[in-house]
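Enquirer: The structure is given below, and queries will be raised subsequently.
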Amino acid sequence: MQTLFPEPGQTPLNDDQHRFFQHFIASLSPEQLAWAGGYLAGLVSANSLHSAPVPCISEGIAEITILVGSQTGNSEALAEQTHQLAGSRGLRAVVKKMGDYKLPQLKSEKNLLVIVSTHGEGDPPDNAKAMYEYLFSKRAPSLKQTHFAVLGLGDSSYEFFCKMGVDFDRRLEELGATRIYQRVDCDVDYESTAEAWMDGVLNELATQMDTNPSSAGLSLPSFTASTSSTYSRKNPFPAVLLEKIILNGRGSCKETHHVELSLEGSGLSYEPGDAVGIYPANAPEIVDDLLQALHFKGKEQVSLAGKNVTLHDVFFSHYEITTITRPMMQKYSTLAKNSQLEQLLNDNSKKQLSDYLYGREIIDLIADFPCPHLSPQEFVECLRKLPPRLYSIASSLKQHPNEVHITAVAVRYHSYGRARKGVCSTFLADRVAEDGTVPVYIDHNNNFKLPADPSTPIIMIGPGTGIAPFRAFIEEREAVGATGKSWLFFGDQHFMTDFLYQAEWLQYLKSGVLTRMNVAFSRDQEQKVYVQHLMTEHGRELYAWLQEGAHLYVCGDEKRMAHDVHAALLKIVASEAGLGREEEYVAALQREKRYQRDVY
């Protein structure tokens, strides 16, 4: 059945809502369409009977603006959760993405809740850059009439933990806004911390506005959070391992695994561009080595969420026992009372601390700065919860019903006399056998999506395992019969051993699903060649594709590759469109969601 759908601008939906609704409608059977129509009609009817506005609608004046800056979608999910909680307490709120926000409107905000993640080495998310630059510019308005609170998301294993939350919080105060609730910085296990912030902030706002929770309007379910599945980040699904294949050829120094997992019976669904979250367990030998270094036996009882659990079990499946974070070091330093460790944590010793952390793990910290009278419970309270690891999904659900595929490099290296291994990558590579299970959930990413119009050209840049989402993109485009051109840039070390999914790409080129592919194998010649070099080499054609309306996607390493690719893009635009225009041109691509990145 073909469903005709109005063009953008012909409905009251914004671009994101239009794209979501079009995909949603296209995925329904006739019976499901009939049910959805009746359900929505019932909501409208109920809304009319109760004479209450629907809080999800962004038009008109809201009492609270929830401003969200997100790279992968976690901040957006928390913003939607805050929005729903506000509605349940009789507060009119609206969620606005920083990338879509009209900057002059800021001076009119009365109550502003900012939820923002920190990306890379202390950078704003791509969709928050314009807002961040505006706030710190001379054009930033006085905000003396504004009340605000900030929730920051980050990863404490990075030096600039939650820097965006810190910066937004400080700058809003500098502009005259009144803080109504202390900023909260969330680590990778953010749920309980974020929920406590929501509760505190909304209680404060409800008190100030003298609202009655019973006056709340009818709330529509969240499109981003709603699902027919009972499985989630808090309740992962035990996915059965169907198949595991090493993609590298003999002689490669890399070990890249293609992993296929069953979602049968989970009710979970995803779109290309989403990620799968995996909860690993720590390697038994790493657990044993840490217990030995601490002079513990592992049978000791410690308290975990009000229950007594053995120290061995806590180390194995509940806590991060390898990565050193600054908060972990600070807690341990308080117990160790070691002057050298305290000096290392001094604000004037940032370079020394960075040098120390490189290549070291928690077991090294214990060996270098022993704490003889440390109790098991004290040490556990220094640690953070074992976070899930996110992998870009490498499959289309249309092509592989009830399955999800990922592409993962097994991380193994030596440093300071010890063998090291990636927690999740070697969990998958070494310790999950066929028919074994892996705890998973789907992490939706609305900021890395195919164009709604399948005739739109796409350019994909994904070296190494950055190729994963583009395998999903091409599978999806084949499944829906997309007519738009597609161009893939891929790079790795050696053609003979590291051309990931080579047979599939050649077949897609032959069938025409993939229009063009350029590859760079950096170690196959004396002069190293990377994907950014290929971009520059074919700059005129790449710019022509962009002028035709192509969407450009980048996936992979953030620290070097993504920066080099961005620089190459600016260079191409400057060459083709004229020097001085490149920054605004690329910024416009980002605003129009035609330049999207999934980098880590």
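Enquirer: Could you sort the peptides 319-327, 230-238, 514-522 by per-residue average Cβ neighbour count (10 Å cutoff), highest mean leading?
Expert: Ranking, from highest mean packing down: 319-327, 514-522, 230-238.
Enquirer: I would also like to ask the following. May I ask you to work out the translational diffusion coefficient for the range 284-380 at 25 °C, viscosity 0.890 mPa s, via Stokes-Einstein with Rh from the Kirkwood sum over Cα pairs, reported in whole µm²/s?
Expert: Roughly 174 µm²/s, to the nearest whole number.
Enquirer: Where the only charges are on Cβ atoms (+1 Lys, Arg; -1 Asp, Glu), what is the dipole of the range 425-537 about its Cα centre, to the nearest 20 debye?
Expert: About 340 debye.
Enquirer: Another question about this same structure. Could the peptides 583-592, 551-560 be put in order, highest first, of the mean number of other beta-carbon atoms found within 10 Å of their residues?
Expert: Taking the mean over residues of other Cβ atoms within 10 Å, the ranking is 551-560, 583-592.
Enquirer: Let me ask another. Please report Leu341, Leu151 as a ranked list, fewest other C-beta atoms within 10 angstrom at the top and most at the bottom.
Expert: Lowest count first: Leu341, Leu151.
Enquirer: Mind checking Rg over Rh on the range 344-458, alpha carbons, Kirkwood formula for Rh?
Expert: 1.09
Enquirer: Oh, and also: Write down, largest first, the equivalent ellipsoid semi-axes of the range 158-200 in whole Å, where each equals the square root of 5 times an eigenvalue of the alpha-carbon gyration tensor.
Expert: Sorted largest first and rounded, they come to 20, 16, 4 Å.
Enquirer: Right, another one. Looking at this model, which pairs from Lys138/Lys485; Lys110/Lys593; Lys350/Lys385; Lys107/Lys485 are more than 32 angstrom apart at the alpha-carbon?
Expert: Lys138/Lys485; Lys107/Lys485
Enquirer: For a quick protection proxy, order the peptides 370-380, 112-122, 281-291 by their average other-Cβ count within 10 Å, most packed first.
Expert: 112-122, 281-291, 370-380
Enquirer: Where Rh is the Kirkwood radius over the Cα pairs of the chain, the temperature 10 °C and the viscosity 1.306 mPa s, what D in µm²/s does Stokes-Einstein return?
Expert: Once the numbers are plugged in, D ends up at 61 µm²/s.
Enquirer: After finding the eigenvalues of the alpha carbon gyration tensor for the range 458-599, what semi-axes result from the square roots of 5 times each, listed largest first in whole Å?
Expert: Gyration-tensor ellipsoid for the range 458-599: 23, 19, 13 Å.
Enquirer: Also: Aspartates and glutamates near Lys449 by alpha-carbon distance under 17 Å, same-chain residues fewer than 8 away left out - which ones?
Expert: Asp15, Asp16, Glu76, Asp100, Asp126, Glu271, Asp274, Glu475, Glu476, Glu478, Glu592, Asp598
Enquirer: Need the full-extension length gain, Arg139 to Gln502, defined as separation in residues times 0.36 nm minus the C-alpha distance. One decimal, nm.
Expert: Taking Arg139 through Gln502 to full extension adds about 125.6 nm, to one decimal.
Each reported figure results from applying straightforward, stated rules to the coordinates on display, with no laboratory input. Bear in mind the structure is a predicted one, so any value in this text is a computation, not a measurement. FYI the Cβ positions are ideal-geometry reconstructions off the backbone, even for glycines, and counts take in every protein chain you see.
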